[in-house]
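Quick note: the coordinates plus some simple rules give every number you see, no bench work behind them. Quick caveat: nothing in here was measured; it's all calculated off a predicted structure. FYI the Cβ positions are ideal-geometry reconstructions off the backbone, even for glycines, and counts take in every protein chain you see.
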Amino acid sequence: MNKLIQCAVASALLINVSMAFAVPDNLRVIGNLVEEPCTILPGDENIPMDFFDTPEKNFYAYGETPPKEFVIKLADCDTSIGKFVEVTFSGTPNLALPGFLALSTSSVASGFAVGLQNSDKTPLAIEQKGSKLTLQDGANQLRFYAYLKGEPDAIADKTIKVGPYSAVATFKLDYE
């Protein structure tokens, strides 16, 4: 009987304790629902680029690699909402090559950076809007280029370090 009373008292205490922590209206959800002209389909938001094996001698001979195309795929575009898009790439800047994307700190290789170009192969600095591109109804493909460029001092001193490398950028779409 004593154990039954102890269990009843303990249960009553637990009920009171849990009620003491209940606070009404303590979660508020806010936001701003917007209408965008296009969507990016799941799976198309990540764009892997592989420069495969690049001989470091290419940097000493040419200074940079040939540009490699990549595409941002847009779907379900509605030109009644927006007729143009500008793309801005952001990431960690390379200190030796302003406007270029730095290699990730986990990279073994060093002495070079990633450059970006618009579809017409004009330079596109990180943190700056690209060319204004005209949208069409339906699917659109925004074409850009990336290339590797040796840092001037690393080329002059022949100190480009070989090994695995990576770089990460984020793109933002601004519609008009």
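Before rounding to the nearest 500, sum -39500 (n - 2.57) across all DSSP H runs of length at least 4 in the chain and divide by the residue total; then give [θ] at 222 nm in deg cm²/dmol.
Dividing the helical sum by the residues of the chain leaves -5000 deg cm²/dmol.
Report, to the nearest 10°, how far helix 2-20 tilts away from the longest principal axis of the Cα atoms in the chain, using its own Cα long axis and a range of 0 to 90°. Orientation of helix 2-20: about 50 degrees from the principal axis. Within a straight-line Cα-Cα reach of under 13 Å, Lys132 can be paired with the following aspartates and glutamates, leaving aside sequence neighbours fewer than 8 residues apart in one chain: Glu86, Asp120, Asp174, Glu176.
Taking the highest mean first, how do the peptides 26-37, 118-129, 43-54 order by number of other beta carbon atoms within 10 angstrom per residue?
118-129, 43-54, 26-37
Per residue, the average separation of C-alpha pairs within less than 8 Å and at least 6 apart gives the chain a relative contact order of 28 percent. Each residue of the range 40-53 was assigned a 3J(HN,Hα) from its phi angle through the Karplus expression (A = 6.51, B = -1.76, C = 1.60, θ = phi - 60°), giving 10, 5, x, x, 8, 7, 9, 10, x, 10, 10, 8, 6, 8 Hz with x at Gly and Pro. For Lys57, give me every one of the lysines with a C-alpha distance below 16 angstrom, ignoring sequence neighbours fewer than eight places off in its own chain. Cα-Cα hits under 16 Å: Lys149, Lys158, Lys161. Placing pseudo-labels 7 Å out from each Cα toward the beta carbon at Glu35 and Ser80 gives an inter-label distance of 0.8 nm. Length gained on full extension, Ser119 to Lys132: 3.6 nm, using 0.36 nm per residue less the C-alpha separation. Protection proxy ranking for 96-108, 156-168, using the average of other Cβ atoms within 10 Å per residue and placing the highest first: 96-108, 156-168.
How large is the dipole of the chain about the Cα centre if only Lys and Arg carry +1 and Asp and Glu carry -1, each at its Cβ, rounded to the nearest 20 debye?
For this selection, approximately 500 debye.
By the gyration tensor of its Cα atoms, with a ≥ b ≥ c the square roots of the eigenvalues, what is the shape of the range 56-175: rounded for a/c under 1.5, prolate for a/b over b/c, or oblate? Prolate. Summary of packing: across the peptides 61-67, 89-95, the per-residue average of other C-beta atoms within 10 Å ranks them, highest first, as 89-95, 61-67.
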